[in-house]
1. Out of all the residues in the stretch 150-179, which are buried (at least 24 other Cβ atoms within 10 Å of the Cβ) and not in a strand (DSSP E or B)?
2. Just give me the residues in the stretch 54-87 being closer than 21 Å to LEU264 by Cα, surrounded by fewer than 20 Cβ atoms within 10 Å (Cβ to Cβ) and not aliphatic (A, V, I, L, M), in sequence order.
3. If the requirement is being closer than 20 Å to ARG120 by Cβ, touching a Leu at 6+ places or on another chain (Cβ under 8 Å) and hydroxyl-bearing (Ser, Thr, Tyr), which of these qualifies: THR207, THR200, THR176?
4. So which residues in the stretch 262-297 are of a type in the set (S, T, N, Q) and modelled with pLDDT of 95 or more, if there are any at all?
5. Within the stretch 235-253, track down each residue that is modelled with pLDDT under 95 and either surrounded by 23 or more Cβ atoms within 10 Å (Cβ to Cβ) or touching a Gly at 6+ places or on another chain (Cβ under 6 Å) (or both).
6. May I ask you to verify whether VAL232 is within 16 Å of the chain's Cα centre (by Cα), crowded, with 22+ Cβ neighbours inside 10 Å and modelled with pLDDT of 95 or more?
7. When residues of the stretch 185-229 are filtered for being β-branched (Val, Ile, Thr), farther than 19 Å from THR169 by Cβ and not in a strand (DSSP E or B), how many remain?
Amino acid sequence: MKERLGSGFQRRAPSGKKVLTLLLIVALSLALAGCSNSASGPESGTPETIELRLAHFFPGTHPAETDLVQPWIKAIEEATGGRVLITSYPSQTLLQADATYDGVVTGVADIGLSCFSYTRGRFPVLEAFELPGIKYANSKVAGKVAWEGIKKLNPQEVQDTKLMMVLTTGPGDLYTKVPVRNIEDLKGLEIRATGLSAKTLEALGATPVAMPQSEAYEALSKGVVQGNLGPVEVLKGWRQAEVTDYLTRTPFLYNTLFFVTMNLDKWNSLSPDIQQAIEEVNETYFEKVAVGLWDKQNEAALEWAVDEMGMETITLPQAEVDRWINLVKPIQDDFIAKMNQSGLPGQEILDTVKELADQYNQEYK
């Protein structure tokens, strides 16, 4: 019914129920439109982006970052169709080197790269791969031994993260200001070393002096120490060939083991297809990059030290090598005893490492 009002007509106001219905329809339409514009994930057909943080202590210019971490990150992004994005935090900007593994466990970082030995005692079984008296021809041998050995031993100490890969420095040598041609030349000589290396040098009669690698150049130049024990790359990378004159090859004294590992909860939260894609990238980068990363550095450093800096290389005769290995054998015996006390098969663990070292030394001479 219409009511006259002057010269026009006035519509009767709609009921409250109709108004409420109209408002609900408008609100629902806006909500659906918003969801279609902003939703991500399987429901909308748009893959969810997973952002991860990787912590490590190497400088941004180090091959560990430029040749391994950055290409690995890019390969994972490509393999997952852009669903996994990793940001690297080098130079201890996210975690200190000795706090990296536990930082990954607690989720401070999603992924970490560091040395197992930086938290000595935390990884007792893995110390087997750094024991003196086991020869590694190069870092490729040491890396293959460690990765296959860890898979065989499956130690409990690394079950709280998802271990992606390991890499090693490979053998370390003695760099000295005076020639070391036999065990007698080493007696009482002050050598920069830390951790297990210090224990090794002490067993050989040298006097280990603890200090970070960053202080070794100045200590050598001032005569505070007479030498260093480490991978050949320090001769060029840390320019220690400028302050030492002799290089005694000792591929049975030293090896440092690094890890690349991921927070276990974060790993388990990934879909199976993403996990498989990452595993395939890990396998490729272990074989093509990580396993020989230090060999490339060592080869370049040795050439520079000998050809440009005039360092003399000393190779010990086998009889002398046997003397040195015999002197460090008690360190292996101590490892076995500690494993046995912990209820672990110490001799079996050590034998596994030695057998793998023999195998890969023959394969990658």
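The values are calculated or read from the model by the stated rules, or taken from the named source; none is laboratory data. All values reported here derive from a predicted model rather than from experimental measurement. Here the Cβ positions follow ideal geometry from the backbone for every residue, glycine too, while neighbour counts run over all protein chains shown.
1. THR169, GLY170, PRO171, GLY172
2. Within the stretch 54-87, GLU77, ARG83, THR87 qualify.
3. Values: THR207 fails: closer than 20 Å to ARG120 by Cβ; THR176 fails: closer than 20 Å to ARG120 by Cβ.
Only one candidate qualifies: THR200.
4. Kept after step one, since they are of a type in the set (S, T, N, Q), are these residues of the stretch 262-297: 263, 268-269, 271, 275-276, 282, 284, 297.
Of everything in the stretch 262-297, those that are of a type in the set (S, T, N, Q) and modelled with pLDDT of 95 or more turn out to be ASN263, ASN268, SER269, SER271, GLN275, GLN276, ASN282, THR284.
5. none
6. no
7. Keep residues of the stretch 185-229 that are β-branched (Val, Ile, Thr), which gives 191, 194, 200, 207, 209, 224-225.
When the remaining residues are screened for being farther than 19 Å from THR169 by Cβ, the result is 207, 209, 224-225.
Adding the requirement that they be not in a strand (DSSP E or B) leaves 224-225.
Selection size over the stretch 185-229: 2.
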